[in-house]
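Chemist: To start, I am sharing the structure in question, which I have written as structure tokens.
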Amino acid sequence: MSDATLALLRQGRWFAGLDEAFQQRLLQPARRVHLARGERLFARGDANSGLYAVLSGGISVGAVGPGGKEALVAVAEAPQWFGEIALIDGGPRTHDAHAREASALLWLPLAELHALLAEDPRRWQAFGQLAMEKLRALFTSVEELALLAAPARVARRLLSLATAHGQLAEGQTRGALQLNQEQLGAMLALTRQTVNLVLKDFEARGLLRCQYGRIDILDGAALAREGQG
């Protein structure tokens, strides 16, 4: 594994928190996977194929309802890891995963994961921690949907995306978010029109800048105040 890849992965809180020996052991069997824009990585119900980390690009995780309506559950970007749920419970994939753009991933095949866990069962705790980071973020999101008005929900979700829902290491943040208003609305159960009005207000006040398929955060402190409701 190159030094550049290792440095990128250590920008993530979970990976950075592992001891160096476990980091190296985790990456030994890893393979690179390249996806074209729109290419499917896996679908809901597929058998577990292992664990993934995003090195470049981004992965949309979501589902399609009976009427064809799409729900965007999460966006994974570098250096986020995903796929641990099926590893822990042994079940199938819970959602669809597609490349939002040309993307490079690090793939740890399931058989290799089982081998390193068999070497030291205490390593299961690390994967449990990865899952719990996301569960905490999920509980926060559910609470926000129930209690906050649209502007506060939008502000909080943008800040959450900027830190990969708390998965980036301390001090790491993203100033540019690769998503559009419709996708943001799908995450928050808001219409595109509502999201558009909120973003226009934030933009007029210098909190952010909207571009095609992208939102740049300009004033994170002011956005945090908006998130207080």
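The values are calculated or read from the model by the stated rules, or taken from the named source; none is laboratory data. For clarity, every value in this text was computed on a predicted model and none was experimentally measured. No Cβ is skipped: glycine too gets one built from the backbone with ideal geometry, and neighbour counts run over all protein chains shown. Surface areas here come from the heavy atoms of the whole protein model, side chains and all, with no ligands, DNA or RNA. Shrake-Rupley method; radii C 1.70, N 1.55, O 1.52, S 1.80 Å.
Chemist: Under the classification rounded if a/c is under 1.5, otherwise prolate if a/b is larger than b/c and oblate if not, where does the range 57-176 fall, given a ≥ b ≥ c as square roots of the Cα gyration tensor eigenvalues?
Modeler: Note, shape of the range 57-176 comes out prolate.
Chemist: Which of G166, A76, L199 sits farthest toward the positive end of the charge dipole of the range 69-200, with +1 on the Cβ of Lys and Arg and -1 on the Cβ of Asp and Glu?
Modeler: Comparing the listed Cα positions along the dipole, L199 ranks first.
Chemist: May I ask you to order 143-155, 98-110 by the average number of other C-beta atoms within 10 Å around their residues, highest value first?
Modeler: 98-110, 143-155
Chemist: Something else now. Apply the Kirkwood formula to the chain: the hydrodynamic radius equals the inverse of the mean of 1/r over all pairs of different alpha-carbon atoms; give it in Å with one decimal.
Modeler: Every distinct Cα pair counted, the radius reaches 18.5 Å.
Chemist: What whole number of Å gives the distance from the Cα centroid of the range 106-130 to the Cα centroid of the range 14-82?
Modeler: 16 Å
Chemist: Ignoring ligands, DNA and RNA, what accessible area per residue does the range 100-229 give at 1.4 Å, in Å²?
Modeler: 53 Å²
Chemist: HN-Hα J couplings of the range 217-227 from phi, Karplus 6.51/-1.76/1.60, θ = phi - 60°, integer Hz, Gly and Pro as x?
Modeler: Values per residue, Gly and Pro as x: 7, 9, 9, x, 5, 5, 5, 5, 5, 5, x Hz.
Chemist: If you wrap the range 138-189's Cα atoms in a convex hull and average its projection over all directions, what's the area in nm²?
Modeler: In nm², the orientation-averaged hull projection of the range 138-189 is 3.8.
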